[in-house]
Amino acid sequence: MSRLVGYLGAFGLLSLALFGCTPAPTKGVLELEILAPAALSPDVRVSGPDFSRSFTAPGPARLPDLPPGTYSITANALAFEGGYTYRARIVVDGQLASASSAANTNANSLLIAGKTSRVLVEYAVATGKLNLSLSVLPPVGGFTPRVRVEGSQGWVQEVEESTVLDLEPDTYTLTPLAAPPGYSLAQSAQRVEVVAGQEVGASVSYAQGFGNLSVNITPPSGVEGFAPGMVVRRPDGSVLETLNQSKSYTQLPAGRYTLSAANVSAAGVIWQPTATDSSVEVPIGGSVSSSLGYTATNAALTVNLSGLGANDTATVTLQPGNQTRTRTGNGPVRFEGLAFGSYSVAAGAVRPGSWADRYFAGGQANVQASPANPMPSANLSSWTERAGTGRIWVAGNGQFSNGGRGSTGTGELNAAYWLADGSSSFNPFIAPTTAHAPFRIAFDREGNLYVLYQYLSASSPARIVRISEANLRNNQLSETAPGNTRIEGSVWGWPAEVTPGPNMVVSGNEPADLAFDANGNLWVVNDYLGLLACVQASELRAAPPSIARAGSRIWGPGTGLYSYVLNTPGQNADQRPFLIPHALVFDPAGHLWFSSGGYQGPRSGETSPVKRSYLNRLNASRISYDANGDCNGGNESLSESNLSTWVDIRLDISQASASDGYGAIVKPVTVALEPGGGAIWVGDFGGNSGGSGDLYRDANATPETLLRVPLAGSNLTPGAWWRTAVVSHRLTIGPGAGQDRGLQQAFGLAFDRAGYLWVASNNNVEILPTDTGAAALGLTDRRGKLYRLDVRGYVGSNDTYTGSNTLNLRGTGLERTLSVGDVGVGLIGVAVHLPHPSSLPNVHP
């Protein structure tokens, strides 16, 4: 135990020795915090032993390793916003320690070694303003008005003209010079209280007499924030005051005062004063008044929207004038600067969906705007969902399997479906059948549904059925339902009065695609005959039971040669644009683009060049319209001599030299315009590349591809012959598991509001027991597929497809894959119901 105590004693002595050797601190720390109003640049200096630094920005600053001693902190006064003087107060270690002068504020901080001193410098407004007005009316020779301004602490200044004084807060006494003979003195106040950051006014007037003036301003009723800005001028022309409301003046120098007013813009209306300039005589010892009112020169209409969801975007349209306003959710929209008269307003709204938005029509209201009622209002609160919106619509045609080989023991069915937003279940509105052949499906800008049927039998001929928006809403889908219209095959058939040329087979009546121009006319392409036809918009809107005539029909070299070229050896090199046209799309400038042809290698007895796939432009300037927008070109037969003035761009999109295993574009059967109009996307049905007879056969497992063709650069260079298209991207969907062969027989393209590309694929490939090689591997599950592809990143791209860089979107851009439940139904057409924004409020029955 004694030994332990000895150890502890030795340890204690050692510790004392060690701690006794620690050096004492020789430096201190000063922490500075500067507070100032926004945009004010402080002017602070810290000075001490061998140290000096200036600070011109607010915020904290830490100054370490300073020698001990006394440090002075000086904050200079500053003139800032509105001309007021700002000064600082200085707090040192929690104690107000500053001494102020007009120029600056000073304080000292004693810094001790090893310690931290904390200094706060806070700027604030320190002065107020006295707006002192001096006047002599009329002026007197040799007399100068003067006022003595005296503070309570002895500050004095003599003022001889109107001025604004920057003063310390205090109570000031105003002592004017006595009035000259024949004049009286009027003083608004003898004492004024000046407060920091505020302005106070006072006036001293000398005149031969004084009177009172009342200015009465009557603003328009119900107009908030109305600021007339009436200018009141003294008899000498100087400004007494600018008024935004009524005011009464007492003890004004007698004389003629001028009141000036200008037009005022408020609440969307231009308000005109009852008098732009007027004058009043203020009598000595009397009173006078002047009144000013305002009348509307135009109108503003407020439309109050209610009943919408928080994320619904509504578009309100005003007629006449076709003005639109947009807002999200409930609330008002306003149309300003309107002439007086009668107006109608209607609204449509969009409710965002996952895939497909829902659209609503909001009814209509009529209003009258007049000088007595320049700010009318209307309320729109009842919303009717537009039929068919919030859905993806598809048509399926089992006949386009691969030539009707039918060897797998399943039938070939035709149907049409809709797919609710976010759902994976296809709902048939044309049940699977062998009695009809729905092929394409589309909506016009007014919400009417069009179903294109190809020929199946004498009882089911080629036709287009227009189902009105009203009938679609009420589920009246029958072709013969009142309000629905059947467009007959004679519209796109060969004109009866035209004599066919040599080798022409003109009996074919096969509508392949449809598109709408900006005027609402319906364009149809007959791929067998090789002819474009247009149905007039006014006739469609009239909704007769049947339409059997075209407003325009256009054909040219290649028309009627479908069977002749395909079945006559030696004709495989025919490259005319109206030979087998497939699909239609209008660009933003109104040009009509159509794909045509199809790649085919040399057959027996033939040599190169071989038939190719093309994308053609029919120039908008050649399409004839009536004043009401109806197409009215009649029958137009193009010849070799004038073809290039009509079809002025012809692009070869065959990709015949592609080396990445996907081969050439065999049948460009579908096209779609990219959002923004910067490119056309083309889908390839695929098929054989030289076999005869089996026209639709796609007996291989190689996926088909999509092309993006930019509408820019050399692709827009007119010419009388073909040029190779510049393609930015070639895309595909590679094979999956089992009988998922990837993108097989692409037959429909459509973009949704978010910019995703929907692809309808036939996916209906059969094989024969005798098939070998690649053909034996081509069997699919024969259920039409619908793909949603994220191609938004390709918009505006300057990349170039080189023939060896096809992109597989499976796993990268493939957002969704959906399969039809019915075996033997291949998907042909796809439509996303996106009504044109300007048409949302206006639904034709």
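Taking every residue in the range 429-442 that is in a strand (DSSP E or B) and pairing it with any residue that is hydroxyl-bearing (Ser, Thr, Tyr) and buried (at least 19 other Cβ atoms within 10 Å of the Cβ), at least 6 positions away or on another chain, the pairs with Cβ-Cβ distances below 6 Å are PRO438/TYR453; ALA442/TYR450. In the range 749-771, the residues that are within 18 Å of GLY390 (Cβ to Cβ) form Cβ pairs under 7 Å with partners that are open to solvent by 30 Å² or more (accessible area, probe 1.4 Å) and modelled with pLDDT under 85, at six or more places apart or across chains, as follows: ARG753/LEU834. The set of residues from the range 171-199 being outside any loop (DSSP other than H, G, I, E, B), more than 16 Å from LEU134 (Cα to Cα) and either open to solvent by 60 Å² or more (accessible area, probe 1.4 Å) or of a type in the set (Phe, Trp, Tyr) (or both) comprises TYR172, GLU193, GLU199.
Quick grid of which residues meet (1) open to solvent by 30 Å² or more (accessible area, probe 1.4 Å); (2) over 19 Å from GLU385 (Cα atoms); (3) over 30 Å from the mean Cα position of the chain (by Cα):
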residue	(1), (2), (3)
ASP421	yes, no, no
ALA442	no, no, no
GLN454	no, yes, yes
GLU469	no, no, no
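Answer yes or no: is there a residue in the range 39-53 that is more than 30 Å from ALA124 (Cβ to Cβ) and modelled with pLDDT of 90 or more. Yes, the conditions are met somewhere in the range 39-53. Has the range 130-143 got at least one residue that is among the β-branched types (Val, Ile, Thr) and closer than 22 Å to LEU240 by Cα? Within the range 130-143, one or more residues are among the β-branched types (Val, Ile, Thr) and closer than 22 Å to LEU240 by Cα. Please determine whether any residue of the range 549-557 is buried (at least 21 other Cβ atoms within 10 Å of the Cβ), modelled with pLDDT of 90 or more, part of a loop (DSSP other than H, G, I, E, B) and under 40 Å from the mean Cα position of the chain (by Cα). Looking through the range 549-557, at least one residue is buried (at least 21 other Cβ atoms within 10 Å of the Cβ), modelled with pLDDT of 90 or more, part of a loop (DSSP other than H, G, I, E, B) and under 40 Å from the mean Cα position of the chain (by Cα). Among the residues of the range 352-367, some residue qualifies, meaning at least one is open to solvent by 60 Å² or more (accessible area, probe 1.4 Å) and not in a strand (DSSP E or B). Would you tally the residues in the range 368-391 being open to solvent by 50 Å² or more (accessible area, probe 1.4 Å) and either farther than 24 Å from VAL759 by Cα or touching an Asp or Glu at 6+ places or on another chain (Cβ under 6 Å) (or both)? Going through the range 368-391 one residue at a time, the tally reaches 11. I want to confirm something. Restricting to the range 118-162 and keeping residues that are loosely packed, with under 14 Cβ neighbours inside 10 Å and hydroxyl-bearing (Ser, Thr, Tyr), which single residue is farthest from TYR71 (Cα to Cα)? Only one residue tops the list, namely THR144.
Which of the residues belonging to the range 704-724 are farther than 16 Å from LEU592 by Cα, assigned to a loop (DSSP other than H, G, I, E, B) and open to solvent by 50 Å² or more (accessible area, probe 1.4 Å)? Correct list: ALA720, TRP721. Can you find even one residue in the range 214-225 that is open to solvent by 30 Å² or more (accessible area, probe 1.4 Å), within 21 Å of GLN251 (Cβ to Cβ) and either in contact with a strand residue (DSSP E or B) (Cβ under 8 Å, 6 or more places away or on another chain) or not in a loop (DSSP other than H, G, I, E, B) (or both)? Yes: the range 214-225 contains one or more residues that are open to solvent by 30 Å² or more (accessible area, probe 1.4 Å), within 21 Å of GLN251 (Cβ to Cβ) and either in contact with a strand residue (DSSP E or B) (Cβ under 8 Å, 6 or more places away or on another chain) or not in a loop (DSSP other than H, G, I, E, B) (or both). Residues in the range 726-735 that are part of a loop (DSSP other than H, G, I, E, B) and either open to solvent by less than 10 Å² (accessible area, probe 1.4 Å) or over 24 Å from GLY793 (Cα atoms) (or both): VAL727, SER728, ILE733, GLY734.
The set of residues from the range 630-654 being surrounded by 15 or more Cβ atoms within 10 Å (Cβ to Cβ), among the hydroxyl-bearing types (Ser, Thr, Tyr) and in a loop (DSSP other than H, G, I, E, B) comprises just one member, SER654. Within the range 495-513, residues that are on the phi > 0 side of the Ramachandran plot sit with their Cβ atoms under 9 Å from residues that are surrounded by 18 or more Cβ atoms within 10 Å (Cβ to Cβ), at 6+ positions apart or across chains, in these pairs: ASN503/GLY560; ASN503/LEU561; ASN503/VAL565. Quick check: anything in the range 565-576 without any contact (Cβ under 8 Å) to a residue 60 or more places away in the chain and either among the aromatic types (Phe, Trp, Tyr) or under 17 Å from ILE487 (Cβ atoms) (or both)? Within the range 565-576, none of the residues are without any contact (Cβ under 8 Å) to a residue 60 or more places away in the chain and either among the aromatic types (Phe, Trp, Tyr) or under 17 Å from ILE487 (Cβ atoms) (or both). Inside the range 482-531, can you point out the residues that are modelled with pLDDT under 85, of a type in the set (Val, Ile, Thr) and in contact with a Pro (Cβ under 9 Å, 6 or more places away or on another chain)? The one that is modelled with pLDDT under 85, of a type in the set (Val, Ile, Thr) and in contact with a Pro (Cβ under 9 Å, 6 or more places away or on another chain): VAL506.
In the range 54-68, the residue that is least open to solvent (accessible area, probe 1.4 Å) out of those that are farther than 15 Å from VAL121 by Cα and not in a strand (DSSP E or B) is PRO67. Residues in the range 482-523 that are within 18 Å of ALA416 (Cα to Cα) and either open to solvent by 20 Å² or more (accessible area, probe 1.4 Å) or not polar (S, T, N, Q) (or both): 5 in all. Against the list (1) modelled with pLDDT under 90; (2) surrounded by fewer than 18 Cβ atoms within 10 Å (Cβ to Cβ), the condition VAL565 fails is (2). Screening the range 771-817 for residues that are at pLDDT below 85 and among the aliphatic types (A, V, I, L, M) and picking the one that is least open to solvent (accessible area, probe 1.4 Å) gives ALA775.
In the range 317-337, the residues that are under 21 Å from PRO374 (Cβ atoms) reach residues that are among the charged types (D, E, K, R) and crowded, with 16+ Cβ neighbours inside 10 Å with C-beta atoms within less than 6 angstrom, at least six apart or across chains, in these pairs: VAL333/ARG325; VAL333/ARG327. Within the range 240-287, the set of residues being open to solvent by 30 Å² or more (accessible area, probe 1.4 Å), farther than 30 Å from MET375 by Cα, touching a residue at least 12 places away in the same chain (Cβ under 8 Å) and of a type outside the set (A, V, I, L, M, F, W, C) comprises SER248, THR250, GLN251, ARG256, THR258, SER279, GLU281, PRO283, GLY285, SER287. When the range 69-81 is filtered for residues that are of a type outside the set (Ser, Thr, Tyr) and either open to solvent by less than 60 Å² (accessible area, probe 1.4 Å) or closer than 17 Å to SER54 by Cα (or both), the ones remaining, listed by number, are GLY69, ILE73, ALA75, ASN76, ALA77, LEU78, PHE80.
The values are calculated or read from the model by the stated rules, or taken from the named source; none is laboratory data. These numbers were taken from a predicted model, which means no experiment stands behind them. All Cβ positions, glycine included, derive from the backbone under ideal geometry; neighbour counts span all protein chains shown. Remember, those area values only see protein heavy atoms, side chains included, never the ligands or the DNA or RNA. Shrake-Rupley method; radii C 1.70, N 1.55, O 1.52, S 1.80 Å.
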